[in-house]
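This report refers to the structure that appears directly beneath it.
The values are calculated or read from the model by the stated rules, or taken from the named source; none is laboratory data. Owing to the predicted nature of the structure, the values given are computational and were not obtained by experimental measurement. Ideal geometry is used to build each Cβ from the backbone, glycine not excepted, and the neighbour counts take in all protein chains shown.
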Amino acid sequence: MDLNLSKSTTGRIVRENLDFLIPYAVFSALIIVLLGIYGNSQLFLTVNSHHSGFADIFFKYLTNLGDGVIAAILILVLLWISFREALTFFIVTMVITIIVNIFKDHLFPEMDRPVAFFGTSEVIHLVSGYDPPTLSTFPSGHSATAFSVALYLSFFFKNRAVKFLLFVVALGVGYSRMYLSAHFPLDVVAGAAIGVLTTLMCFTLGRKFKSPWMDRKINFRPKILVRQQIV
């Protein structure tokens, strides 16, 4: 592989998605600074203490955008764009899953989530109808999935506002994990980093393979999407 070509491709991808990546970098830097000032648990309590009835409902449903089901749906949709894109994002999803599970189950299995850490619902805000997990908090898998899906989608849009909006949605999912008492801030920023870096790496490498079949796509469209001819 030509190293100069690799650098050029990576640089182009980054430049074309600065409207996603710059806000992400600012968000990550801000969280890291705040973690250094307040600490992980205190920063969580600060975020978690601001709540409302509307926000309870909103974030309870928004957090579902970080489910693995969303990644699976995107993989299927990408088959209609090209096999290359579907395969690349499938690899992204698998790599993220492996990394997150290694951290959760093998490196930091003893790290409790907020509910177990604080041990009482009087200290943290719990949302009715949502039962947060108690174990294996680091990193946030939902945040990793949300940021990987959002960044991958941003690759296909030239509109700068759309790219920024995708970042906002991913950020909202990350925030929802703290709002719902499912994760600490450190879990969210680490999950987001895993999602973004893995997606950038795999997308860049996916451009290197030259194969005609990879650029093919599914041409079949369900009848419901085909315009019926009027006789």
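Data table
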quantity	calculated
Conditions (1) under 21 Å from the mean Cα position of the chain (by Cα); (2) closer than 29 Å to CYS202 by Cβ; (3) buried (at least 16 other Cβ atoms within 10 Å of the Cβ); number of the one not met by THR9	(1)
Segment 108-127: number of residues that are exposed (fewer than 14 other Cβ atoms within 10 Å of the Cβ), within 12 Å of LEU45 (Cα to Cα) and among the aliphatic types (A, V, I, L, M)	0
Verdict on ILE102 being aliphatic (A, V, I, L, M), part of a helix (DSSP H, G or I), surrounded by fewer than 18 Cβ atoms within 10 Å (Cβ to Cβ) and at pLDDT 90 or above	yes
Segment 38-89, residues that are aromatic (Phe, Trp, Tyr), in a helix (DSSP H, G or I) and either in contact with a Cys (Cβ under 9 Å, 6 or more places away or on another chain) or surrounded by fewer than 19 Cβ atoms within 10 Å (Cβ to Cβ) (or both)	TYR38, PHE54, PHE58, TYR61, PHE83, PHE89
Hey, THR63 of a type outside the set (Gly, Ala, Ser) and touching a Ser or Thr at 6+ places or on another chain (Cβ under 8 Å) or not	yes
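For (1) buried (at least 24 other Cβ atoms within 10 Å of the Cβ); (2) in contact with a helix residue (DSSP H, G or I) (Cβ under 9 Å, 6 or more places away or on another chain); (3) at pLDDT 95 or above; (4) of a type in the set (D, E, K, R), each residue gets a yes or a no:
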| position | (1), (2), (3), (4) |
| --- | --- |
| HIS142 | yes, yes, yes, no |
| PHE164 | no, yes, yes, no |
| ARG177 | yes, yes, yes, yes |
| PRO185 | yes, yes, yes, no |
| VAL188 | yes, yes, yes, no |
| TRP213 | no, yes, no, no |
